[in-house]
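First up is the structure itself, then whatever we jot down about it.
The values are calculated or read from the model by the stated rules, or taken from the named source; none is laboratory data. Worth saying up front: this structure is predicted, and the values here are computed from it rather than measured. Cβ atoms come from the backbone with ideal geometry, glycine included; neighbour counts cover every protein chain shown.
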Amino acid sequence: MSKVNHETCPLTQALLVIGGKWKPVIISHLQKTPKRFGQLDALIPKISRKVLTTQLNQLVKDDLLTRHSFSESPPRVEYNLTEKARELIPIFQSIAEWGMYLIKK
């Protein structure tokens, strides 16, 4: 069996971007409408604000989310999926179906 170069493995690269406990959850919550930080914080009660901030920043950096700042008082920031992230929705739906299969087993 030959060694796999994980730096060039497409699956490894994809999981570096979307892997982890919270990124798929965040993307799922944004699939229909943009959300503000506080809305995401309320929708995902088990995530700390620090981790939510870190995950959002990474998703923006990886071009899966856009961050729009409104010049208002108090300041308002809204997150929205990019087209690149929208391509993940059917993949996540398939994974969710597989998860249902596992639960029923």
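Structure data summary
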| read-out | value |
| --- | --- |
| Restricting the range 51-71 to residues that are of a type in the set (Ser, Thr, Tyr) and assigned to a helix (DSSP H, G or I), the residue that is nearest to residue 41 (Cα to Cα) | 53 |
| Test for residue 30: is it at pLDDT 95 or above, touching a His at 6+ places or on another chain (Cβ under 7 Å), surrounded by 10 or more Cβ atoms within 10 Å (Cβ to Cβ) and not acidic (Asp, Glu) | no |
| Where residue 103 falls short, out of the listed (1) at pLDDT 95 or above; (2) part of a helix (DSSP H, G or I) | (1) |
| Some residue of the range 14-35 being more than 15 Å from the chain's Cα centre (by Cα), free of Cβ contacts under 8 Å to residues at least 24 places away in the same chain and assigned to a helix (DSSP H, G or I) | no |
